[in-house]
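Note sheet for the following structure.
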Amino acid sequence: MKASDLFVKALENEGVAYIFGIPGEENLDLLDSLRSSSIRFILTRHEQGAAFMAATYGRLTGKAGVCLATLGPGATNLVTCAAYAQLGAFPMLMITGQKPIHSSKQGRFQIIDVVRMMEPLTKSSRQIVNGGMIPPMVRDAFRLAEEERPGAVHLELPEDVAAEEVKEWRLFPVNEIRRPDADKQAIEIAVEMIKKAKNPLVLIGAGANRKKLFKPMQDFIDKTCIPFFNTQMGKGVVSCKSPLFLGTAALSEGDVLHRAVKMADLIINIGHDVVEKPPFFMREGGTQVIHVNFNSAQVDEVYFPQLEIIGDIQTTVNRLAEALDSVLTNCSLELLNFKNSIKEVIHEQDNNNAYPLLPQRIVADVRRALTEDAIIALDNGMYKLWFARHYHTYMPNTVLLDNALATMGAGLPSAMACALLYPQRQVMAICGDGGFMMNSQEMETAVRLKLNLVVLIITDSAYGMIRWKQEGQGFADFGLTYNNPDFVKYAHSYGAQGHKVQSTDEFKPLIESCFAQGGVHIIDVPIDYQENDKLLPKQLQKV
């Protein structure tokens with residue numbers, strides 16, 4: 001069997017449904033093998049688009065998404081996405097080609113050491129030097145990508161290895177790996193700490209956002225009645241409809257939510273991941289913290305938990321719930337009463353009719369226009385903080401944002417992966433004008449795939465977050481503004497529908513109309529960021 005055929009069989013053995021990518025001449029054997037396989041190959045317009053789609057597939061399914069690129073510039077275009085998947089804990093396999101390694105007449109043309117380049121950005125980066133090694137190397141790559149903590153892996157398949165004949169081979173079974181349970185004594189100590197606490201609080205972090213954890217987390221909150229909040233990447237693990245929900249920690253400190261957090265005497269921190277900005281700062285002699293995670297805490301000057309429960313989070317949460325009854329106290333009720341003040345401050349401008357639209361009105365109208373199971377995929381910019389803080393989330397993985405690498409350019413391809421996986425659900429990409437233009441060429445891919453997708457472009461003709469910080473630090477307004485294309489005409493040039501919001505009242509009906517029509521739509525909505533200063537401690541004065 002040809003080695004490239006064996007590679008595809010190994011991928012099929014892992015249950016791979018899609019490969020996203022752009023092949024080069026070094027991938028032609030593999031591309032030909034894919035032609036007759038059960039795997040659907042999705043050609044994109046840039047390697048970043050392919051890898052962002054693959055990483056999002058992994059994020060949503062827990063199974064490693066797969067992307068393909070050629071050597072040299074094709075591989076280097078994957079670097080940002082490797083870091084995106086690695087920091088975000090999204091399982092992804094990157095496959096790159098390479099010139100023949102046994103005999104080549106092309107000198108060093110396009111050759112860089114891709115394996116070494118990928119090593120600092122992945123859990124594993126390896127070159128396949130023998131076709132017979134393909135099955136175990138593919139199995140090991142998927143194992144590494146998907147086990148805790150998930151992330152990116154890389155395999156390089158040289159052109160001559162892909163073309164060689166493999167006489168003896170076998171595929172390896174894909175077995176589910178059971179994670180070790182937490183120490184019984186650690187759970188007993190945690191139960192006693194929780195029972196003694198006068199004002200316990202649960203924090204749900206990025207590591208809790210795994211498919212098997214959603215129901216156990218909901219059951220734990222329902223049984224114990226402990227108030228909770230979440231990080232940006234922990235949004236949706238437990239519905240914000242819960243009367244125990246306080247809000248999202250969009251900033252590290254100083255935001256209105258942190259007035260409530262400071263009232264807690266114990267924080268049960270489930271799934272804390274240091275890639276996110278600290279959702280609270282610990283201080284010597286202050287609030288006690290229980291660290292619940294698959295891995296031990298990475299201690300620093302603002303995070304040094306008094307107790308760590310290390311092991312499978314699902315089992316830990318289940319055992320804590322079994323050992324606890326409701327621990328809601330009068331102090332906890334005081335904390336919950338503070339929720340009304342938080343809600344009042346956060347939503348005071350939801351119905352403001354100003355034009356250009358205020359961020360609060362944009363967030364509120366998007367939420368009002370979408371169903372509870374709709375998915376929004378956020379790019380990175382100032383608006384991301386407003387959505388993280390204000391957007392109500394009722395189901396897991398319905399708000400996809402990146403608070404790890406926080407790269408621009410991921411919003412559109414991430415939404416495309418969602419629309420591909422869930423064609424019957426509403427999917428919206430939410431991008432700034434800066435982030436959208438970084439991978440806007442993928443509009444052609446979205447139209448070609450006949451996706452149902454609405455792309456919301458929030459326009460201020462500037463790199464708004466950096467401009468805000470530039471002003472806040474007393475610098476002159478310089479170097480951060482630009483011009484945009486006519487986004488309506490830009491949409492039409494790809495065969496999509498384009499719309500520009502001309503008044504505040506037409507925004508929500510326009511979103512509803514776009515989803516009713518189906519297909520790919522761009523909505524250009526201008527924003528007024530005058531409210532940015534209220535995102536910081538100025539709001540605390542009102543509470």
Inset, instruction - For K235, list the lysines whose Cα falls under 18 Å from its own Cα; do not include residues on the same chain fewer than 8 positions away. - result: K211, K212, K215, K277, K339, K343, K384
Inset, instruction - Sort 262-269, 240-247 for me by packing, meaning the mean count of neighbouring Cβ atoms within 10 Å per residue, highest on top. - result: 262-269, 240-247
Legend entry - Average projected area [Cα convex hull, region 1-78], square nanometres: 4.9 nm²
Inset, instruction - Would you mind ranking H521, H46, H154 so that the residue whose beta carbon has the fewest other beta carbons within 10 Å leads the list? - result: H46, H521, H154
Legend entry - Packing rank of 70-82, 215-227, where each peptide gets the mean count of other beta carbons within 10 Å, highest leading: 70-82, 215-227
Inset, instruction - Just rank I309, I204, fewest to most, by other beta-carbon atoms within 10 angstrom. - result: I309, I204
Inset, instruction - Select from region 191-289 those GluC sites (Glu not before Pro) which occupy a DSSP coil region and have at most 13 other Cβ atoms within 10 Å, ordered by residue number. - result: E284
Legend entry - Overall form of region 184-338 per C-alpha gyration tensor (a/c, 1.5; a/b vs b/c): rounded
Inset, instruction - Give the angle, between 0 and 90 degrees and rounded to the nearest 10, that separates the Cα long axis of helix 313-323 from the longest principal axis of the Cα atoms of the chain. - result: 30 degrees
Inset, instruction - In debye, nearest 20, what is the charge dipole magnitude of region 251-313 about its Cα centre with +1 on Lys and Arg Cβ and -1 on Asp and Glu Cβ, if you could check? - result: 220 debye
Legend entry - Label selected from (i) 23.4, 72; (ii) 24.3, 78; (iii) 25.0, 98, the criterion being Rg and Dmax of the Cα atoms in Å as computed here: (ii)
Legend entry - Relative contact order of the chain, pairs being alpha-carbon contacts under 8 Å that are 6 or more residues apart, as %: 13 percent
Legend entry - Set of aspartates and glutamates near K241 by C-alpha distance (under 17 Å), chain-local residues within fewer than 8 positions excluded: D219, D222, E344, E372, D373
Inset, instruction - Would you mind putting 132-145, 372-385 in packing order, based on average other-beta-carbon counts within 10 Å, highest first? - result: 372-385, 132-145
Inset, instruction - Enter the angle in degrees (range 0 to 90, nearest 10) between the Cα long axis of helix 507-517 and the first principal axis of the Cα atoms of the chain, meaning the one along which they spread out most. - result: 40 degrees
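Every number here is computed from the coordinates shown, using simple stated rules; none is lab data. Computed from a predicted structure; not experimentally measured. Here Cβ is always computed from backbone atoms with ideal geometry, including for glycine, and neighbour counts include all displayed protein chains.
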